[in-house]
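What follows is a set of notes on a single structure, which appears directly below.
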Amino acid sequence: SIDDVNYVMGKGYFQLKNYGKAEEHAQLVGAKSTKYMNARYLLGIALYSQKKNKQAAGTLADLRAWMQSKSKSDKNISSLIALNIARIYFNMGDFQTAFTEYQRIGKDHPVWVQGLIEQGWTQVMLDDNSGAIGNMHSLHSPYFKAVYKPESYVVRSIGYLNICQYADAYKALHRMEQEYIPWLQKVDQYTQA
C-alpha cells in the first residue's frame, strides 16, 4: 500500500504544481505495483513540467517500451505518452520526431483532435504546408462540427499563406470568425451576467 500512497502523494503534489515532489513520489512506486504504469507516466510529465525535456522524453519512451515488453495495453496512457513525447520534441525543435509521435495518438482518444492540430503546426514547421492544410480541412468537415477547434483555422490559414494562396487564407480566417464570434459573444454575455 506504500506504492499507492506514493502515487497519490505524487498526483497531489503535481496538482499543487510542486513538480519536484511529484517526481520524488512517482519514483518511489515499485514495478510490481498496480499503479506503476500511471506513476511512470506521472514521473514523465513531472519532469516535463520542470523543463527536463530529454529526461522526460526518455522516461515516457521507457514506459512505452516497458508496456510493450510486459504486454500491458492501455490506449489512454499510450496516446498520452505519444502526445507528450511529441510536444517535448516539438519544443526541442525536432519536428520530424514530433510528427511521428503525433501520428501514434489513437484516433478514438479524446486528445486526438488537439494532437492533429498540433501535428499541423509540426507540418508547417517541416514545410509540409499542403499536409497541414489537408489535416485541418479534415477537421472542418461536418463530422467535427460540434468540436471546438478555432486554432485549426489558424494553422490552415498559415499553410495557405506559406504557399501564397492568400484568398484561401482569408476564407479560412473568415470562416473562423463566422463560427466562433457568436461563441465569444455568448461567453461575454455569460461573464457579464
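The values are calculated or read from the model by the stated rules, or taken from the named source; none is laboratory data. All values derive from a computational prediction rather than experimental measurement. Cβ atoms come from the backbone with ideal geometry, glycine included; neighbour counts cover every protein chain shown. Ligands, DNA and RNA are stripped out before the accessible areas are found, and what is left, the full protein with its side chains, is counted by its heavy atoms. Shrake-Rupley method; radii C 1.70, N 1.55, O 1.52, S 1.80 Å.
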Inset, instruction - Sort out which residues of the stretch 139-159 are touching a Leu at 6+ places or on another chain (Cβ under 8 Å) and more than 18 Å from His174 (Cβ to Cβ), and write them in order of number. - result: Val147
Inset, instruction - Mind listing whichever residues of the stretch 37-55 are within 21 Å of Lys72 (Cβ to Cβ) and either open to solvent by 30 Å² or more (accessible area, probe 1.4 Å) or out of contact with any Asp or Glu (no Cβ under 9 Å at 6 or more places or on another chain) (or both)? - result: Met37, Asn38, Arg40, Tyr41, Ile45
Inset, instruction - Could you grab me the full set of residues in the stretch 1-57 that are over 18 Å from Leu80 (Cα atoms) and among the acidic types (Asp, Glu)? - result: Asp3, Asp4, Glu24
Legend entry - Residues located in the stretch 84-108, provided they are hydrophobic (A, V, I, L, M, F, W, C) and either in contact with a Pro (Cβ under 8 Å, 6 or more places away or on another chain) or buried (at least 23 other Cβ atoms within 10 Å of the Cβ) (or both): Ile85, Ala86, Ile88, Ala98, Ile105
Legend entry - In the stretch 134-160, the residues that are open to solvent by 20 Å² or more (accessible area, probe 1.4 Å) and within 19 Å of the chain's Cα centre (by Cα): Asn135, Ser138, Phe144, Val147, Tyr148, Pro150, Glu151, Val154, Arg156
Legend entry - Breaking point among (1) in contact (Cβ under 8 Å) with a residue 24 or more places away in the chain; (2) out of contact with any Ser or Thr (no Cβ under 7 Å at 6 or more places or on another chain), for Thr59: (1)
Legend entry - Search result, residues across the stretch 1-19 that are more than 22 Å from the chain's Cα centre (by Cα) and either buried (at least 20 other Cβ atoms within 10 Å of the Cβ) or not polar (S, T, N, Q) (or both): Ile2, Asp3, Asp4, Val5, Asn6, Tyr7, Val8, Met9
Inset, instruction - Give the residue, chosen from Ile88, Ile158, Ile117, that is aliphatic (A, V, I, L, M) and more than 27 Å from Lys54 (Cα to Cα). - result: Ile158
Inset, instruction - May I ask you to list pairs of residues, at least six apart or on different chains, whose Cβ atoms are under 7 Å apart, with the first in the stretch 90-115 being over 17 Å from Asn129 (Cα atoms) and in contact (Cβ under 8 Å) with a residue 12 or more places away in the chain and the second being assigned to a helix (DSSP H, G or I) and among the basic types (Lys, Arg)? - result: Gly106/Lys75; His109/Lys75
Legend entry - The listed residue being in contact (Cβ under 8 Å) with a residue 12 or more places away in the chain, closer than 21 Å to Ala31 by Cβ and charged (D, E, K, R), out of Arg64, Arg87: Arg64
Inset, instruction - Kindly check whether there is at least one residue in the stretch 181-191 that is in a helix (DSSP H, G or I) and of a type in the set (D, E, K, R). - result: yes
Legend entry - Filter result (assigned to a helix (DSSP H, G or I) and in contact with a Ser or Thr (Cβ under 9 Å, 6 or more places away or on another chain)) within the stretch 138-170: Leu139, Phe144, Gly159, Asp168, Ala169, Tyr170
